[in-house]
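In what follows, a structure is listed as structure tokens, so that the remarks can point back to it.
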Amino acid sequence: MVYIAGKTVAEWKREHPLLDFIQSSQEVLWLNPRWLPAAQVLPSLSVSRAEVVDAEQRLLRFAPYIQRAFPETIVDGGLIESPLRAICEMQEGMQREFDTDIVGPMLLKLDSELKISGSIKARGGIYEVLKIAERLAFAADMLEAHTDYSVLANPSFRKHFSQYRIVVGSTGNLGLSIGIMGAKLGFQVSVHMSTEAKQWKKDKLRSLGVEVVEHSSDYTQAVQAGRREAQASDNIFFVDDDHSRDLFLGYAVAASRLQGQLERLQVSIGPHHPLVVYLPCGVGGGPGGIAFGLKLLYGDSVHIYFVEPTHSPSMLLGLMTGQHDAVSVQDFGLDNHTAADGLAVGRPSRFVGRVMDHLIDGIYTVSDERLYQLLSLLQDSEQIAVEPSAAAGLFGPVVLHRSGKPDFGDSRFRQLQSVLHSSTHLVWATGGSMVPRDVMRDDYNRGQMLRN
Ligand SMILES: *Cc1c(COP(=O)(O)O)cnc(C)c1O
């Protein structure tokens, strides 16, 4: 008898009938039975509002340096932030192609266009590297909190940082962010890439002098290999995507920036005008950090849905079973193979799972075919190019509208259904602008074929 975290598959299925559908890679919607009001949950979490504010302030201190090192950020004052845009044409196209009503405006948060590394990882990944650099510079008495941080671009700093190495395990995008930022500051960087990692991401990193170690195994093993390398010396920093608070906090800063953008678009948010947010999830840090930041600002008026590929529903399995990283998608017979390389994670972050346990409203899954369809429809309707992972959030409004049956869902879900007409759907597009044109064209063509 094979046991998964102490139970047989049959026992798990009796407890969670949805597992039958998950195991056969069907698209599902799971609603979180452990959801609780934010006021009850937030005070007891292991992360706090003060830490998010601290991260925000650190990014402000670094803004003069970021402007100097990456002149494309001058227009944003050295902050790495993405546009927020209404996607009316896409909304119409989706209603037509999926034959569903979508009421309430759809907004797209374009992290696909984030400067420096073209994905959501430009938030957490870059933040963590900056924090390491600051700590080292403080320790060497080269910098103080009130100094103009643009001095960090001087050769003396590069020379100092070159004694240290930053190591990370990644499916691609985190490696890109850490590699680009680390190399710019002068660090040595090694990136352990899992099997999904796209060739162009490895090529880009090598062109910057970053060491790329290729693994034929999945993300979890690539991270373990990185962790082992980092144990060899005190001069090595390991960016631990499974457990990092700093990554999480870097992502969380997105929320207050978004709040300003929503206000400028005159979107009001409250109990009768909820904000429904759809976030693609890999190991969990990106969507978890952003969700946490939004919960601090909007409480129960924000509804959080994560989305995962049907072949990699790791956060879903972790939360549903309550076992977090003690269970993997492979344990349940899934292969963790997906075109959504940024989401190809077989085992979720326990740290993030525990933070989200009572905050998240639900998780839905999408097939790879769906991702290509959405990607191509977005290109046709809005001329916006995203990578497959980043298209996953777009399906959320369809899933919610299709599930609006009177006999489905708990009271929180039915309450949302009753105010769906006056809600705002916010889809997080998590990556894309660095994808080479030929790769993007192939993805688009694939989606075109599937739509016909
Ligand atoms: C990493 C990534 C995500 C998910 O972030 P996690 O922190 O792994 O959950 C989503 N989309 C893209 C494009 C990514 O690279």
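Bear in mind these aren't lab numbers, they're just calculated from the coordinates by the rules spelled out. Source: prediction; values computed, not measured. As a convention, Cβ positions derive from the backbone with ideal geometry for all residues, glycine included, and neighbour counts pool all protein chains shown.
Please tell me which of these pairs span more than 22 angstrom C-alpha to C-alpha: Lys115/Lys184; Lys115/Lys198; Lys121/Lys201; Lys121/Lys159?
Beyond 22 Å between Cα atoms: Lys121/Lys159.
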### Principal axis dimensions, region 407-452 - Cα atoms, whole angstrom, descending
47, 26, 18
### Message
Given an 8 Å cut-off on Cα distances and at least 6 residues of separation, report the relative contact order of the chain as a percent.
### Response
21 percent
#### Entry: Computed lengthening from Ala139 to Ser268, 0.36 nm per intervening residue step minus Cα-Cα distance
42.0 nm
### Query
Of the peptides 313-322, 201-210, how do they stack up when ordered by the mean number of other Cβ atoms within 10 Å, highest first?
313-322, 201-210
### Task
Using Cα centres only, tell me the gap between region 1-59 and region 249-325 in whole Å.
13 Å
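Looking only at chymotrypsin sites (Phe, Trp or Tyr not before Pro) in DSSP loops with at most 16 other Cβ atoms within 10 Å, what is the longest site-free stretch of the chain?
4-407
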### Measure of compaction for region 264-376 (Cα Rg per 2.2 N^0.38 Å)
1.11
## Note on the structure
Taking Lys and Arg as +1 and Asp and Glu as -1, residues besides Asn32 with C-beta under 10 Å from its C-beta add up to -1
### Estimated dipole of region 120-243 in Debye, rounded to 20 [Cβ of Lys and Arg +1, of Asp and Glu -1, Cα centre]
360 debye
## Note on the structure
Here D for region 172-320, in µm²/s, from Stokes-Einstein with a Kirkwood Rh over Cα pairs at 10 °C and 1.306 mPa s, works out to 92 µm²/s
#### Entry: Hydrodynamic radius of region 311-452 per Kirkwood, over alpha carbon pairs, in Å
16.7 Å
### Span per principal axis, largest first, for the Cα atoms of the chain (Å)
65, 57, 48
### Query
Tally Lys and Arg at +1 and Asp and Glu at -1 over the other residues with C-beta under 13 Å from the C-beta of Leu130: what net charge comes out?
+1
### Space enclosed by the convex hull of the alpha-carbon atoms of region 120-243, per residue, Å³
102 Å³
